[in-house]
Amino acid sequence: MAQARTRNRDEERLIGACIRQASLGRPWLEKTLWGLRDQEAGWIGAEVANTNGTHDLGPLQINSWWVGRIAAHIGRPKAHVRHWLRFDPCFNAEAARWVFLSALRTTGDYWKAVGVYHSPTTWRQRNYIASVAMHLSGRFGNDVFVPGTSPATVQLK
């Protein structure tokens, strides 16, 4: 998670518009991206160092580990991708969508994909999943989840 920083209203509106655009009209995906954004708490221009030598970039704190993969996927130089992840909130939100949906395709499980967005390590995923679920409830209320499912398998409405 990014270091604490006071949020700028204009910046938040811009990030929100980018999240809406990146969700491709899918309400569950927009809510997911908001949950990730609220958890990550990054900002435009953010570059937060991690203990493993990577950096978390931009509003949705895309790990720099992804820069090469995204660059190869879109056929652009790594330096451009890194810059866009930091300073272009819409590129950052679209990258977050790509990372999350890639994890969802790989795992076939919504909450596992949320965890993979953060880390390949199972215990870190568990803590992250719980925190994202808390942010989703805080932003959208408890009725954001489909009733009658267990916390481990809960889905978004």
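The values are calculated or read from the model by the stated rules, or taken from the named source; none is laboratory data. Note that the structure is a prediction, hence the values are computed from the model and not measured. Every residue, glycine as well, gets a Cβ built from its backbone with ideal geometry; the counts of neighbours run over all protein chains shown. For the accessible areas, the whole protein counts, side chains as well, though only heavy atoms, and no ligand, DNA or RNA atoms are used. Shrake-Rupley method; radii C 1.70, N 1.55, O 1.52, S 1.80 Å.
Data for the structure
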{"quantity": "Contact order relative to length of segment 90-142, as percent, for alpha carbon pairs under 8 angstrom and 6 or more apart", "calculated": "22 percent"}
{"quantity": "Relative contact order of the chain, pairs being alpha-carbon contacts under 8 Å that are 6 or more residues apart, as %", "calculated": "20 percent"}
{"quantity": "By accessible area with a 1.4 Å probe, ligands and nucleic acids excluded, highest first: order of His83, His73", "calculated": "His73, His83"}
{"quantity": "Asn63 long-range amide H proximity, modeled H, under 5 Å", "calculated": "Leu57"}
{"quantity": "Met134 versus Arg26: modelled label distance in nm, points set 7 Å from Cα along the beta carbon direction", "calculated": "2.7 nm"}
{"quantity": "Of Phe100, Phe140, Phe87, the one that fluctuates the most in a GNM where the chain has Cα springs shorter than 10 Å", "calculated": "Phe140"}
{"quantity": "Pairwise FRET efficiency - Asp143 versus Trp65, Cβ, R0 = 22 Å, nearest 0.05", "calculated": "0.05"}
{"quantity": "For Ile44, distant residues with modelled amide H under 5 Å away", "calculated": "none"}
{"quantity": "Protein-only accessible surface order, largest first, of Lys31, Lys78 at 1.4 Å", "calculated": "Lys78, Lys31"}
{"quantity": "Local electrostatic count at Gly68 - Lys and Arg +1, Asp and Glu -1, tallied over other residues with Cβ under 10 Å", "calculated": "+3"}
{"quantity": "Segment 1-74, relative contact order [Cα under 8 Å, separation at least 6], %", "calculated": "27 percent"}
